[in-house]
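Accompanying notes for the structure given below.
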Amino acid sequence: MIKAGEIGVHEMLHQSRSEDTKYMKQQLANVRLNLLPDSEKIIGRQISGRVVDYGCGSGYLSVWLAQNRQIDFAVAVEITQNAVEKLIPNMIEMSGVDADKVRPSLGDFSKQFETAPFDYAFCMGSLHHALNLRAALDGIFENLKPGGVLISQEPVSDDLVDNSVFQKKYSATEEIPGYGEIRNDERSDCFYRRCEYLTALHHSGFSIQTFEKIDWTKYEKPKKKRKFQWLFPATDTSVDTKKPAPHLIIAQKPLNPQSPPHRWT
């Protein structure tokens, strides 16, 4: 479900980050955490119970939930050995949370858990790494209990982005510090269109509650007004529809799950 090149890049990143105390402290103030209270307002209740955190990186979200919400536990899922054996345990130790509250687990969206079903599933910047979005959502759906909620933040492309834009991206080669050169088509970095997310969610059986663009600026601290502000031109706020935009996605597994009348496979 995730290409070897993507796993290799993240093995390198998770290894270096596991030794970086400053990085881990910064993660505990990750801007994505601001989405949790907003999500709770939308679903009308506070996050609690059993949680699965897919593609959790350092495990910062699972740790935050263990510190700030009445959860039973969070399963912190990552695809790399370095995350599961080093980065996430180091984050747990640094934060001081009970080790039983945050449980590192090696795997991807297809993994079935003995501790399922879950009340909540989180994908904070991880769903777009799945080569098959529908299959990933099927796996998440299977692990949620009826009434369980998926909360995700993902980069989403405009519906009208042409296939040629993706082909150009995937044919390009990037230099990644600490890793070296890699072609984008060796990685799993799929900036799915809005219509593709919606279709996959519907056909996996989810009921979509929210699918909205995120304005990160509302979480920024107010900046002091500069002297002679007129000397500084305003930031260009025009939208480049070819670039993916961050979206908050909230979807629920119905209490009585039913297959849609037609299937998209």
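Bear in mind that the values in this text are calculations on the coordinates, not laboratory data. Bear in mind that the values here come from a model prediction, so they are computed numbers and not experimental data. Methodologically, a virtual Cβ is constructed for each residue, glycine included, from the backbone with ideal geometry; neighbour enumeration extends over all protein chains shown.
Computed from the C-beta positions of Lys168 and Asn132 and an R0 of 25 Å, the FRET efficiency is 0.70 to the nearest 0.05.
Quote the Stokes-Einstein diffusion coefficient, in whole µm² s⁻¹, for the range 134-175, based on the Kirkwood radius over alpha carbon pairs, a temperature of 4 °C and a viscosity of 1.567 mPa s.
For the chosen part, D equals 95 µm²/s.
Note on the chain: dipole from Cβ charges, positive end direction compared against Ser16, Gly49, Ser204; the farthest Cα belongs to Gly49. Under a model in which nothing but the beta-carbon of Lys, Arg (+1) and Asp, Glu (-1) is charged, the chain shows a dipole of about 1040 debye around its Cα centre. Computed per residue of the chain from DSSP H runs no shorter than four, each worth -39500 (n - 2.57), the mean residue ellipticity at 222 nm is -8500 deg cm²/dmol. Globularity index of the range 146-227 is 1.53 (Cα radius of gyration / 2.2 N^0.38 Å, N = number of residues). Computed on the Cα trace of the range 20-79, the radius of gyration divided by the Kirkwood hydrodynamic radius gives Rg/Rh = 0.97.
Scaled against 2.2 N^0.38 Å for its residue count N, the alpha carbon radius of gyration of the range 84-197 is 1.29. Split the chain at each of the GluC sites (Glu not before Pro) in a DSSP loop with at most 12 other beta carbon atoms within 10 Å, and the longest piece is 115-219. Beta bridges from DSSP with both residues in the chain: antiparallel share about 45 percent, rounded to the nearest 5. Longest exposed-loop-site-free stretch of the chain, with trypsin sites (Lys or Arg not before Pro), DSSP loop and at most 12 other Cβ within 10 Å? Looking at the chain, 46-222 is the longest stretch - no exposed trypsin sites (Lys or Arg not before Pro) with at most 12 other Cβ atoms within 10 Å. If the viscosity is 0.692 mPa s and the temperature 37 °C, what translational diffusion coefficient in µm²/s does Stokes-Einstein give for the range 14-140 when Rh comes from Kirkwood over Cα pairs? Rounded, D is 224 µm²/s.
Once you order the gyration tensor axes a ≥ b ≥ c over the Cα atoms, which shape class does the chain get: rounded for a/c under 1.5, otherwise prolate or oblate by comparing a/b with b/c? Rounded, since a/c falls under 1.5.
State whether the range 58-120 is rounded, prolate or oblate according to the following rule on the C-alpha gyration tensor (a ≥ b ≥ c being the square roots of its eigenvalues): a/c under 1.5 gives rounded; otherwise a/b larger than b/c gives prolate, and the remaining case gives oblate. Cα axes put the range 58-120 in the oblate bin.
Once you keep just the Cα pairs under 8 angstrom separated by 6 or more residues, what percentage relative contact order results for the range 47-135?
Across the range 47-135, relative contact order equals 38 percent.
The separation of the range 191-206 from the range 10-45, counted between C-alpha centres, amounts to 25 Å.
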